[in-house]
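The values are calculated or read from the model by the stated rules, or taken from the named source; none is laboratory data. On a predicted model such as this, the values are computed, not experimentally measured, just so you know. Using ideal geometry, Cβ is built from the backbone for each residue, glycine included, and neighbour counts are taken over all protein chains shown. Just so you know, the surface numbers come from the protein's heavy atoms only, side chains and all, with ligands and any DNA or RNA stripped out. Shrake-Rupley method; radii C 1.70, N 1.55, O 1.52, S 1.80 Å.
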Amino acid sequence: MQEVDSLAPFRWRFAGRTLERDHLPLLMGILNVTPDSFSDGGQHNQIEDAVAFGLRLVNDGADILDVGGESTRPGSEFVSADEELNRTIPVIERLVSETDVPVSIDTTKAVVAEEAIRAGATIVNDISGLTFDAEMIEVCSHSDVGICLMHIRGTPKTMQENPEYEDVCREVVEFLCDGMRRCEAAGIDRERLCLDPGIGFGKTADHNMTLMRAIPRLRTELERPLLIGHSRKRFLSKVLGRDVEERTAGTIGVSIALAQLGADLLRVHDVRAVRDALVAWQSLSE
């Protein structure tokens, strides 16, 4: 394998765009239009409220808006495709008409991804790594959208039932490499792929910390941009002893560490706070 600089930025090319980390990671702002997400469930249920919040995230510095209509918190149940479509498509249609920031659909369902793409979404963010729905890879292959492939062990309902690994980094890399091979076999160019080790998805707090510390290794072995979704997650309660509503400071601290380690994108709730902290950190690091 060609030697790769673990801090060199990778280009993520899709839908006529090229995204690339400069000095700081790009920020994917979280917009959950769900009643039951672990941190912000029920806050943006109405279309007008959701669109206004999405535009606020853009103003705060979000480089991508990630719209999700199904909670994937530990223990959550699947929702119907119709319900997910009703929650997400009107919001995506409005956002793409009001901002040039790329909009991502956070879904594991091919029919939802397909309708979101028709509505203007240019990224599919699938927590299953395109494995839950057999038709998802075909939907993605028939478009030029960017694709976020994530690692998960089990399903959201079962993933935190005693997750075990012999070597969590090796097993995550193998899963993601297999996903990249499947995409390439379906005609999807590797430059359209962004990879996510799946912090909190079938992993203990120690597994999560191990994966985040290993970002330089993961980037070197996978040779694609890495997206890290650590915002307000449960591993922070082990580190800080804080409830979910008190994890913003911990999220910011981890964001700075992830920037130092070379993460390409960070998926966060508190875009303004994270952006400000990263800019302040960078101003003293130059």
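Considering each residue of the stretch 159-189, count those that are touching a Leu at 6+ places or on another chain (Cβ under 7 Å) and over 30 Å from residue 143 (Cα atoms), and give that number. Total satisfying the criteria: 2.
Here 245, 223 are screened, and the one residue that is open to solvent by 50 Å² or more (accessible area, probe 1.4 Å) and in contact with a Ser or Thr (Cβ under 9 Å, 6 or more places away or on another chain) is 245.
Within the stretch 188-211, the set of residues being outside any strand (DSSP E or B) and open to solvent by less than 10 Å² (accessible area, probe 1.4 Å) comprises 188, 197, 198, 199, 202, 203, 208, 211. Which residue out of 196, 178, 276 is modelled with pLDDT of 95 or more and touching a His at 6+ places or on another chain (Cβ under 9 Å)? Exactly one of 196, 178, 276 is modelled with pLDDT of 95 or more and touching a His at 6+ places or on another chain (Cβ under 9 Å), namely 196. Scanning the stretch 246-286 for residues that are within 22 Å of residue 19 (Cβ to Cβ), assigned to a helix (DSSP H, G or I) and acidic (Asp, Glu) yields one hit, 276.
Picking from 87, 73, which residue would you name as being touching a residue at least 12 places away in the same chain (Cβ under 8 Å), open to solvent by 10 Å² or more (accessible area, probe 1.4 Å), closer than 24 Å to residue 231 by Cβ and outside any loop (DSSP other than H, G, I, E, B)?
Only one candidate passes the filter, namely 87.
The rows are residues; the columns are (1) of a type in the set (A, V, I, L, M); (2) closer than 22 Å to residue 79 by Cβ; (3) more than 16 Å from the chain's Cα centre (by Cα).
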site	(1), (2), (3)
155	no, yes, yes
165	no, no, yes
168	yes, no, yes
177	no, no, yes
187	no, no, yes
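All of 214, 259, 205 fail the test of being touching a Phe, Trp or Tyr at 6+ places or on another chain (Cβ under 6 Å) and in contact (Cβ under 8 Å) with a residue 12 or more places away in the chain, apart from 205.
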